[in-house]
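Read through the structure below, which is laid out as structure tokens, and then see the notes.
The values are calculated or read from the model by the stated rules, or taken from the named source; none is laboratory data. Please read these numbers as outputs of a predicted model, since none were measured by experiment. A quick note on method: Cβ atoms are made from the backbone with ideal geometry, for glycine too, and the neighbour counts reach across all protein chains shown. Heavy atoms of the whole protein, side chains included, go into the accessibility calculation; ligands, DNA and RNA do not. Shrake-Rupley method; radii C 1.70, N 1.55, O 1.52, S 1.80 Å.
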Amino acid sequence: MRLRTPLALFGAAVLVLAGPPLLTTGSGSETGTQIPGLRLMVPNTPGGGYDITARTAAKNAEDAGLTHNIEVFNLPGAGGTVGLTRLVSEHGNGKLAMSMGLGVVGAARSNHSPKTLSDTTPIARLTEEPDVVVVAKDSPYETIGQLVDAWKRTPGKLPVGGGSSPGGPDHLAPMLMAEAAGIAPKQVNYVPFDGGGELLASILGNKVAFGVSGVGEYLDQIKAGELRLLAVTGPERVDGLDAPTLREAGYDVDFTNWRGVVAPPGLSDAERSKLTRLFEELHDSDEWRESMKQNGWDDAFLTGDEFGAFLEAQDARVVKVLKELGL
């Protein structure tokens, strides 16, 4: 996370390669990464950041010969906490992992989930990326300044959509943006969606005035002209996209999102090590590097106990920022 203001506490898709995995000559036996029957859960709907990250990681791992026939499946609900509860219930299952990120941290808090990420086995943080502020191509707002001016006049009448529950990245980013613009966060009409896929339809259909989501999730739609990009929330502009940062536009916000992988509790040391090794080898592969480049993801690799400590810090920061924003 990159911090630039006291309240901007949080610093962290779209290349989906369809079709069956390509056959490779690699076996993964040299590095001990083969996990027959591995399943990768996505705790929100298809098309969102967790989904794209999981499917990209699975395909890249297979193409690199690290393991084969990874099953990616979706179990959406309650901002990711339905999937989280399922994961925790699979105690000792070394052939299951879950794609997740800051949104699940926030959802566990805002939904008062009985299970939290402290109940899981941390495997790896993978990526970091800025959020984007987007509108439909026929929106009356052509610049971030025009949007914020209208938002300030009638904040409750301009709904903002995000692909995460309250406390998640797509919620925190516009709340911090509102505060920087002089809008009381409690006046913001935030509409949560269960992932970026559901949110996209509402932006394109003008059901919300604007949307906030990860850059990688909407890269194709932005480049195709279906969405108009007004600003990015990170500290720097995104290569290949013509939009200012929020700070450039005069709003003191610097925010990035991240994504990673956790597994059920109760794994043996060998099972945890094998899962961690799989993602270490994936991180070092040419296939993953190319996917990160094409999706606009930044490398944020972290494993094991260090990732666990990071998750604990993120949970504390979600609680703090929600409290400071009066939410």
Report yes if Thr154 is assigned by TED's automatic domain parsing to the domain that holds Gly83, out of contact with any Lys or Arg (no Cβ under 7 Å at 6 or more places or on another chain) and among the polar types (S, T, N, Q), otherwise no. no
Which residues, counting only those in segment 242-262, are surrounded by 15 or more Cβ atoms within 10 Å (Cβ to Cβ) and either polar (S, T, N, Q) or more than 25 Å from Arg317 (Cβ to Cβ) (or both)? Ala243, Pro244, Thr245, Thr256, Asn257
Does Phe310 satisfy being outside the structural domain of Val188 (by TED's automatic domain parsing), at pLDDT 95 or above, part of a strand (DSSP E or B) and surrounded by 16 or more Cβ atoms within 10 Å (Cβ to Cβ)? no
Checking Gly49 against (1) at pLDDT below 95; (2) more than 15 Å from the chain's Cα centre (by Cα); (3) surrounded by 24 or more Cβ atoms within 10 Å (Cβ to Cβ): exactly one of these is not met. Which one? (2)
Return the residues of segment 52-84 that are surrounded by fewer than 24 Cβ atoms within 10 Å (Cβ to Cβ), more than 17 Å from Ser164 (Cβ to Cβ) and among the polar types (S, T, N, Q); say none if nothing qualifies. Asn60, Thr67, Asn69
Pair list, Cβ < 9 Å and 6+ apart or interchain, from segment 264-292 residues that are at pLDDT 95 or above and among the acidic types (Asp, Glu) to residues that are assigned to a loop (DSSP other than H, G, I, E, B) and surrounded by 20 or more Cβ atoms within 10 Å (Cβ to Cβ): Glu271/Ile35; Glu271/Gly94; Glu280/Thr33; Glu281/Gly28; Glu281/Thr33; Glu281/Leu66
Please verify whether segment 263-283 includes one or more residues that are open to solvent by less than 60 Å² (accessible area, probe 1.4 Å), in a strand (DSSP E or B) and either assigned by TED's automatic domain parsing to the domain that holds Ser202 or of a type in the set (S, T, N, Q) (or both). no
Does Ser99 satisfy being assigned by TED's automatic domain parsing to the domain that holds Asp315 and farther than 27 Å from Ser291 by Cα? no
What pairs can you find where one residue is in segment 76-88 and in a loop (DSSP other than H, G, I, E, B), the other is not aliphatic (A, V, I, L, M), and their Cβ atoms are less than 6 Å apart, with a gap of 6+ or different chains? Pro76/Asn44; Pro76/Thr45; Pro76/Asp194
Number of the condition not met by Asn206 [criteria: (1) closer than 20 Å to Asp315 by Cβ; (2) open to solvent by 20 Å² or more (accessible area, probe 1.4 Å); (3) modelled with pLDDT under 95]: (1)
Of the residues in segment 87-119, those that are buried (at least 23 other Cβ atoms within 10 Å of the Cβ) and of a type outside the set (A, V, I, L, M) come to Ser99, Gly101, Gly103, Gly106
